[in-house]
Amino acid sequence: MKDTLKPGIRYTHTYTVPDNKTVPALYPDAPELQEMPEVFATGFMVGFMEWACIKAIEPHLNWPEEMTVGTHVNLSHEAATPPGMTVKADVELIKVDGKRLVFTVEGHDGEDIIGRGTHERFIINRDKFSAKVKEKGLRARS
């Protein structure tokens, strides 16, 4: 990580919600979800906020050798957003504790706050992490 990775880094990320990021699209093989309203799914909203945090700190890492993985999410989902609306995530890095990073996050859709909370990420070495995951997968198949 670079010396510039410090609390106070802010980033705003925008995204127009497509039809394939709604609740029915979250698990197309789940009949219960197919009956749900076509609004921005909580799972996709969480991913969108993770994406914003990644974008915020990417210039402050030795990318792509170093990257981050999500380790904790504490978010509310407060308002429904239909496809076609543009959502915005405002994130701020509030804590750097070794390789552990803590962010505040807040999402808006132009009319409502759609979600807010905190998100933690952990800095990894991509190659070492990938090797461990591969080994785990091989053990699970044996």
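The values are calculated or read from the model by the stated rules, or taken from the named source; none is laboratory data. Values in this document were obtained by computation on a predicted structure and should not be read as measured data. Neighbour counts run over all protein chains shown; Cβ positions are idealised from the backbone, glycine included.
Out of curiosity, is Pro18 farther than 30 Å from Asn125 by Cβ, loosely packed, with under 15 Cβ neighbours inside 10 Å, modelled with pLDDT under 95 and not hydrophobic (A, V, I, L, M, F, W, C)?
Judged against the criteria, Pro18 is not a match.
Would you check which residues across the range 63-102 are part of a loop (DSSP other than H, G, I, E, B) and at pLDDT 95 or above and list them?
Of everything in the range 63-102, those that are part of a loop (DSSP other than H, G, I, E, B) and at pLDDT 95 or above turn out to be Glu65, Glu78, Ala79, Ala80, Thr81, Pro82, Pro83, Gly84, Met85, Gly98, Lys99.
Given the criteria in contact (Cβ under 8 Å) with a residue 24 or more places away in the chain, surrounded by fewer than 16 Cβ atoms within 10 Å (Cβ to Cβ) and not in a strand (DSSP E or B), does Gly137 qualify?
So Gly137 does not fit the description; no.
Of the numbered conditions (1) buried (at least 18 other Cβ atoms within 10 Å of the Cβ); (2) free of Cβ contacts under 8 Å to residues at least 60 places away in the same chain; (3) out of contact with any Lys or Arg (no Cβ under 7 Å at 6 or more places or on another chain); (4) under 27 Å from Lys99 (Cβ atoms), Ile9 satisfies every one except a single condition; which is it?
Unmet condition: (2).
Given the criterion of a type in the set (Gly, Ala, Ser), surrounded by fewer than 18 Cβ atoms within 10 Å (Cβ to Cβ) and free of Cβ contacts under 8 Å to residues at least 12 places away in the same chain, identify the matching residue among Gly98, Gly110.
Answer to the check: Gly98.
Right, Glu35: out of contact with any strand residue (DSSP E or B) (no Cβ under 9 Å at 6 or more places or on another chain) and either among the charged types (D, E, K, R) or surrounded by 12 or more Cβ atoms within 10 Å (Cβ to Cβ) (or both) or not?
yes
In the range 39-60, which residues are farther than 12 Å from His13 by Cβ, surrounded by 14 or more Cβ atoms within 10 Å (Cβ to Cβ) and either over 17 Å from the mean Cα position of the chain (by Cα) or not hydrophobic (A, V, I, L, M, F, W, C) (or both)?
Of everything in the range 39-60, those that are farther than 12 Å from His13 by Cβ, surrounded by 14 or more Cβ atoms within 10 Å (Cβ to Cβ) and either over 17 Å from the mean Cα position of the chain (by Cα) or not hydrophobic (A, V, I, L, M, F, W, C) (or both) turn out to be Val39, Thr42, Gly43, His60.
Inside the range 21-51, can you point out the residues that are in a loop (DSSP other than H, G, I, E, B) and without any contact (Cβ under 8 Å) to a residue 12 or more places away in the chain?
Tyr27, Pro28, Asp29, Ala30, Glu35
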